[in-house]
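**Q** The structure is given below, and queries will be raised subsequently.
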Amino acid sequence: MTATQPNLAALINEELTLAEAAEQIDERRKTIKAILIDQLPIGTHDIGEHTVQVRAGARRLDPAKVAANHPFEQNPELYKNTLDTTAVKHHIAPAELDGYKTDGTPTVVVK
């Protein structure tokens, strides 16, 4: 290790320590928010020097429920074709497929 290179073992230890602390913090924040949701109705509340907003959960369309009551055979206008990537992998040569691939951001896993 030279003077300009970081101590990798120390960085790994710090990463693990920070990850553990982050998990504990995240769990505590989830607990606090669950208590606030349980204790406060939907709306804006002034508590102490803070304003707390409790927002209703997002309403999302459940595609399975719609499909159960509006099948493709009776309502084709509600459906669209999408590319079947499994079929693509079976029908296009690997050399050509490589031209269609993109690389994601590298990740680090420390255990």
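**Q** So which GluC sites (Glu not before Pro) in the range 71-111 pass both tests, a DSSP loop state and at most 15 other Cβ atoms within 10 Å of the Cβ?
**A** Here the sparse-neighbourhood loop sites are Glu73.
**Q** For an R0 of 41 angstrom, estimate the FRET efficiency from the Cβ-Cβ distance between Arg60 and Lys111 and round to the nearest 0.05.
**A** Values: r = 35 Å, r/R0 = 0.85.
Approximately 0.70, to the nearest 0.05.
**Q** Between Asp62, Asp98, Asp38, which gets the highest mean-square fluctuation from a Gaussian network model of the chain, Cα cutoff 10 Å?
**A** Highest fluctuation among the options: Asp98.
**Q** Further question on the same structure: Relative to the present Cα-Cα distance, how much length would full extension add between Leu16 and Thr4 at 0.36 nm per residue of separation?
**A** Length gained, Leu16 through Thr4: 2.1 nm.
**Q** Given a cut-off of under 8 Å on Cα pairs at least six residues apart, what relative contact order in percent is computed for the range 5-111? Display every interim value, and only then the final one.
**A** On the way: 25 pairs, mean separation 23.6, N = 107.
Over the range 5-111, the number comes to 22 percent.
**Q** Now a separate question. Multiply the residue separation of Lys30 and His45 by 0.36 nm, subtract the distance between their alpha-carbon atoms, and state the gained length in nm to one decimal.
**A** Contour length minus Cα-Cα distance gives 3.5 nm.
**Q** Provide the gained length on full extension for the span Ala67 to Asp103, in nm with one decimal, where the gain is 0.36 nm per separating residue minus the Cα-Cα distance.
**A** Working it through step by step, the gained length comes to 9.5 nm.
**Q** I need the phi-derived Karplus couplings for the range 89-97: 6.51 cos²θ - 1.76 cosθ + 1.60, θ = phi - 60°, integer Hz, Gly and Pro marked x.
**A** Using θ = phi - 60°, the values come out as 5, 7, 10, 10, 4, x, 4, 6, 4 Hz.
**Q** Return, for the Cα atoms of the range 28-83, the radius of gyration and Dmax in Å, separated by a comma.
**A** 20.0, 58
**Q** Using helices alone, I'd like the mean residue ellipticity at 222 nm for the chain: each DSSP H run of four-plus residues gives -39500 (n - 2.57), total over residue count, nearest 500.
**A** Mean residue ellipticity at 222 nm (helix-derived): -14500 deg cm²/dmol.
**Q** ³J(HN,Hα) across the range 55-70 via Karplus (A = 6.51, B = -1.76, C = 1.60, θ = phi - 60°), whole Hz, x for Gly/Pro?
**A** Going residue by residue, I get 9, 5, x, 5, 8, 10, 6, 9, x, 5, 5, 5, 4, 5, 9, 9 Hz, with x marking Gly and Pro.
Bear in mind these aren't lab numbers, they're just calculated from the coordinates by the rules spelled out. These numbers were taken from a predicted model, which means no experiment stands behind them. Cβ atoms come from the backbone with ideal geometry, glycine included; neighbour counts cover every protein chain shown.
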